Amino acid sequence: MRRADPLRNLGARPLRVSDLAAVPPSLLGKTPVILPLRRGAFRVEAMRVGLGDVVLLLGQSSPMLVQTAVPAGLACVLLPLSGAPLRLNGSEAGPGHVLASGPGALQEAAAHGEVRWALIVLAAATVERAFRLPRRGGVLRPDRAALLRCDLATLAEAASLLADAEETLTADPGVFAEEEARRALRASLIEMLQGLLDGAWGGA
């Protein structure tokens, strides 16, 4: 069976999942292991914006443990925004951290409470073409996941951009049916990510 392309669909659409079997590959990658960490309803709610070679997901989720691997040909950056403390690849993380993962990288995220987050999925070819990557630390490199602490001022700018995007998605998601709007958001996200990587340190 041919694997669905998580970058394929353009524009904005909501994503609401309350069934573990219905979680799409564009959200969790391939061969995911998902374990709810509390009794009651499992829930993932997000807005997804397809921008061609970049996908932005802004969402929140119920307490859970997720283990997965980034699909071949893709890279992703996960930003915790607010909510419960989060463990990423075994380390405590929260606002101020990002998890930058290259193709094939193993990822684990766990939270015992509600969490708001942003996930940016990129074509690996776009990463190579559009970013100035650190020479050390394996950031966004194949089979490597790096947990980075970011410069707080740059992080505040990123949070503002993501809040503006979320506000637009809530008020008028149809705006991203227009190529100009998608192109502008894509450029802003790439600039945002480059700023975060330039001002980051650490790694795992």
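The values are calculated or read from the model by the stated rules, or taken from the named source; none is laboratory data. Because the structure is a prediction, the values reported are computed rather than measured. A quick note on method: Cβ atoms are made from the backbone with ideal geometry, for glycine too, and the neighbour counts reach across all protein chains shown.
Is there a residue being free of Cβ contacts under 8 Å to residues at least 24 places away in the same chain and either over 23 Å from Arg182 (Cβ atoms) or in a loop (DSSP other than H, G, I, E, B) (or both) anywhere in segment 48-69? Steps first, answer last, please.
Going residue by residue through segment 48-69, those that are free of Cβ contacts under 8 Å to residues at least 24 places away in the same chain are none.
No, because not a single residue in segment 48-69 is free of Cβ contacts under 8 Å to residues at least 24 places away in the same chain and either over 23 Å from Arg182 (Cβ atoms) or in a loop (DSSP other than H, G, I, E, B) (or both).
Confirm whether Glu108 is part of a helix (DSSP H, G or I) and farther than 20 Å from Leu196 by Cα. Break it down stepwise before answering.
Details: part of a helix (DSSP H, G or I): no; farther than 20 Å from Leu196 by Cα: yes.
Spelling it out, it is not the case that Glu108 is part of a helix (DSSP H, G or I) and farther than 20 Å from Leu196 by Cα.
Please go through segment 105-121 and give me each residue that is more than 15 Å from the chain's Cα centre (by Cα) and surrounded by fewer than 22 Cβ atoms within 10 Å (Cβ to Cβ), ordered by number.
Selection gives His112, Gly113, Glu114.
So, Pro103, is that one part of a loop (DSSP other than H, G, I, E, B) and modelled with pLDDT of 90 or more or not? Break it down stepwise before answering.
Working: part of a loop (DSSP other than H, G, I, E, B): yes; modelled with pLDDT of 90 or more: yes.
Spelling it out, Pro103 is indeed part of a loop (DSSP other than H, G, I, E, B) and modelled with pLDDT of 90 or more.
Somewhere in segment 122-142, is a residue basic (Lys, Arg), crowded, with 16+ Cβ neighbours inside 10 Å and assigned to a strand (DSSP E or B)? I'd like the intermediate steps shown before the answer.
First, the residues of segment 122-142 that are basic (Lys, Arg): 129, 132, 135-136, 141.
Adding the requirement that they be crowded, with 16+ Cβ neighbours inside 10 Å leaves 141.
Subset that is assigned to a strand (DSSP E or B): none.
No, that holds for no residue.
When both residues are 6+ apart or on different chains and their Cβ atoms are under 6 Å apart, which pairs have a first residue that lies in segment 87-113 and is over 22 Å from Pro142 (Cβ atoms), and a second that is surrounded by 19 or more Cβ atoms within 10 Å (Cβ to Cβ) and small (Gly, Ala, Ser)?
From residues that are over 22 Å from Pro142 (Cβ atoms), the pairs are Arg87/Ala110.
Among the numbered conditions (1) farther than 27 Å from Leu152 by Cβ; (2) modelled with pLDDT under 90; (3) not charged (D, E, K, R), tell me where Pro85 comes up short.
The failed condition is (1).
Taking segment 73-118 only, how many residues are closer than 19 Å to Leu133 by Cα and among the hydrophobic types (A, V, I, L, M, F, W, C)?
Residues meeting the conditions: 10.
When you check Glu191 against the structure, is it loosely packed, with under 12 Cβ neighbours inside 10 Å and among the charged types (D, E, K, R), yes or no? Explain how you work it out, then say what you get.
Numbers: loosely packed, with under 12 Cβ neighbours inside 10 Å: no; among the charged types (D, E, K, R): yes.
For Glu191, the condition - loosely packed, with under 12 Cβ neighbours inside 10 Å and among the charged types (D, E, K, R) - is not met.
Which condition breaks for Ala177 when tested against (1) aliphatic (A, V, I, L, M); (2) surrounded by fewer than 17 Cβ atoms within 10 Å (Cβ to Cβ); (3) within 14 Å of the chain's Cα centre (by Cα)?
(3)
Kindly indicate whether any position in segment 155-173 is more than 17 Å from Ala100 (Cβ to Cβ) and in a loop (DSSP other than H, G, I, E, B).
yes
When Leu58 is evaluated against the numbered criteria (1) over 30 Å from Gly174 (Cβ atoms); (2) crowded, with 19+ Cβ neighbours inside 10 Å, which criterion, by number, is the only one it fails?
Result: Leu58 passes all but (1).
Mind counting the residues in segment 82-100 that are part of a strand (DSSP E or B) and in contact with a Leu (Cβ under 7 Å, 6 or more places away or on another chain)?
Residues of segment 82-100 that are part of a strand (DSSP E or B), as a first pass: 82-83, 86-88, 91-93, 97-100.
Cutting the leftovers down to in contact with a Leu (Cβ under 7 Å, 6 or more places away or on another chain) gives us 88, 91, 93, 97-100.
Residues meeting the conditions: 7.
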